[in-house]
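**Q** Before I ask anything, here is the structure I am working with.
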Amino acid sequence: MKFLLLHQGVYGHTQRISEYLQDSLRKQGHEAIVLALVEAAPDLERFDAIVIGASIRHGKHNPAVLAFIRRHLKYLQVIPSAFFSVSLVARKPTRNTAQTNPYVRAFLANSPWTPRLVGVFGGELDYQRYGAFDRNVIRFIMRLTGGPTEPDTKVVFTDWQAVETFADRVAALPAAVAAV
């Protein structure tokens with residue numbers, strides 16, 4: 001099977017999760033290509049399944065994600081497809097599912113696409129990589145939500161076992177859709 005893994009992020013962690021998914025799919029004998037969403041070629045038909053990953057910045061997914069979905073909606077409605085979201089909010093067990101993550105719920109409510117599979121993963125917190133505005137906003141939010149606020153904090157909140165489980169479910173998508 002051929003999988004297209006598209007990512008839209010800011011600081012590179014969504015791409016790292018996409019590359020982890022790629023490695024997992026390849027270990028299962030599949031072909032998997034990782035591309036930035038903005039680099040996606042219009043020949044999506046050559047893939048058996050598509051996964052779109054997007055991170056949260058300033059409380060939203062990048063508008064380019066919905067623009068891509070609208071542009072390719074007819075195809076996304078028929079091909080096996082999945083979506084995953086990456087955010088610091090998802091570091092909390094009460095916010096790491098499609099049903100409990102407010103950003104994913106808002107995204108799915110505003111999207112004309114209904115992916116067959118949705119994943120929600122904690123992101124990476126690295127204050128040293130952020131510009132002054134982002135660093136201060138994120139520290140303020142972390143203070144409000146009980147997260148780390150030390151300026152030298154660098155921590156990955158991603159549950160890699162959950163990403164592995166998501167990869168297994170992605171690998172099964174084409175067969176599951178074909179059986180329906």
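**Q** Is there a quick way to get the dipole size of the chain? I mean about its Cα centre, with the Cβ of Lys and Arg at +1 and of Asp and Glu at -1; what is the value in debye to the nearest 20?
**A** On the way: 21 positive and 15 negative charges, 114 e Å.
The dipole magnitude comes to about 540 debye.
**Q** Between the stretch 1-76 and the stretch 79-119, how many Å separate their Cα centres?
**A** Computed from Cα coordinates, the inter-centre distance equals 14 Å.
**Q** At a 10 Å Cβ-Cβ cut-off, how would you order 144, 117, 44, fewest neighbours first?
**A** Listed from fewest to most nearby Cβ atoms, that is 144, 44, 117.
**Q** Separate question: May I have the count of lysine pairs in the stretch 1-148 with C-alpha atoms under 26 Å apart, counting pairs 8 or more residues apart or located on different chains?
**A** Numbers: 2/27; 2/74; 60/74; 60/92.
Final tally of qualifying lysine pairs is 4.
**Q** When all C-alpha to C-alpha distances in the chain are sorted into bins of 5 Å, what percent of pairs does each bin hold, rounded to whole numbers?
**A** The percentages, shortest bin first, are 1, 8, 18, 21, 20, 15, 9, 5, 2, 1, 0.
**Q** Taking each full run of DSSP H in the chain as one helix, which ones are at least 15 Å long along their axis (Cα atoms) and have mean Kyte-Doolittle hydropathy of at least -1.0?
**A** Those that clear 15 Å and a mean of -1.0 are 132-145, 160-179.
**Q** How much net charge surrounds residue 157 when only other residues with a Cβ under 12 Å from its Cβ are counted (Lys, Arg +1; Asp, Glu -1)? Before the final figure, lay out each step's value.
**A** Working: positive: 91, 92, 95, 154; negative: 124, 126, 159.
Once all neighbours under 12 Å are counted, the net charge is +1.
**Q** Once amide H atoms are placed 1.01 Å from N in the peptide plane, what residues at a sequence separation of 5 or more from residue 53, or on another chain, have their amide H within under 5 Å of its amide H?
**A** Answer set, sorted by chain and number: 6, 7, 8, 84.
**Q** Looking at the stretch 28-149, send over the antiparallel percent of its DSSP beta bridges, to the nearest 5.
**A** Of all bridge pairs located within the stretch 28-149, approximately 15 percent are antiparallel.
No value in this document is a laboratory result; all are computed from the given coordinates. Only a predicted model underlies this, so the values are computations on that prediction, with no experimental measurement involved. Because the Cβ atoms are built from the backbone with ideal geometry, glycine has one as well, and the counts that use them run over all protein chains shown.
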